[in-house]
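Beneath this line is the structure, given in structure tokens, with notes to follow.
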Amino acid sequence: MSTDERDLLQMIADSPKPVAMSDYFPVLNPAEPGMDENHPGHEAWTERQIAWHGVSLQLWKQSLVRVVVPADGSQGDLVEVTDAGRQALRAAAAHA
């Protein structure tokens, strides 16, 4: 599991209720103060925000999270960590 996958999975596991994974993208990759489309780091920041979608997809593909409330147009899928996800987190902590 990559560091990004572990970090996102841990945040999901720490939530007491199902969450939209994308809610954590700005937490994991915060914008610099004054960030707007003219900021010199905006393009790299945007690419990184988009990359988090790939990280979240990998968690789902590996069955480390499951959708418990499907997206409905006003919010994204809400997910929770699976037993396999919890085992993966324990294994990652044991190797850290």
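Across the stretch 24-39, rounded Karplus estimates of 3J(HN,Hα) from the backbone phi angles (6.51 cos²θ - 1.76 cosθ + 1.60, θ = phi - 60°) give 8, 4, x, 6, 6, 9, x, 6, 5, x, x, 5, 8, 5, 9, 5 Hz, Gly and Pro being marked x.
Structural size metrics of the chain, computed from C-alpha coordinates, are Rg and Dmax of 14.4, 44 Å.
The residues of the chain expose, per residue, 63 Å² of accessible area to a 1.4 Å probe.
For the chain, the carbon plus sulfur part of the accessible surface works out to 52%, probe radius 1.4 Å.
M11 sits with roughly 50 Å² accessible to a 1.4 Å probe, with DNA, RNA and ligands left out of the calculation. Centre-to-centre separation between the Cα atoms of the stretch 66-96 and those of the stretch 1-53: 15 Å. The string of couplings for the stretch 85-96 from the Karplus curve (6.51, -1.76, 1.60, θ = phi - 60°) is x, 5, 5, 5, 5, 5, 5, 5, 5, 5, 9, 7 Hz, one whole number per residue in order, with x for Gly and Pro.
Annotation: amide H-H contacts under 5 Å for L78 (H modelled 1.01 Å from N, sequence separation of 5 or more, or interchain): V68, V69, A71. Given +1 at the Cβ of Lys and Arg, -1 at the Cβ of Asp and Glu and no other charges, the dipole of the stretch 1-71 around its Cα centre is 480 debye to the nearest 20.
Quote to one decimal, in nm, the extra length available between R86 and S74 on full extension: 0.36 nm per residue of separation minus the C-alpha distance between them.
Additional length available on full extension: 1.5 nm.
The values are calculated or read from the model by the stated rules, or taken from the named source; none is laboratory data. For clarity, every value in this text was computed on a predicted model and none was experimentally measured. With ideal geometry, Cβ positions are generated from the backbone for all residues, glycine too; neighbour counts draw on all protein chains shown. The area values use the complete protein model at the heavy-atom level, side chains included, leaving out ligands, DNA and RNA. Shrake-Rupley method; radii C 1.70, N 1.55, O 1.52, S 1.80 Å.
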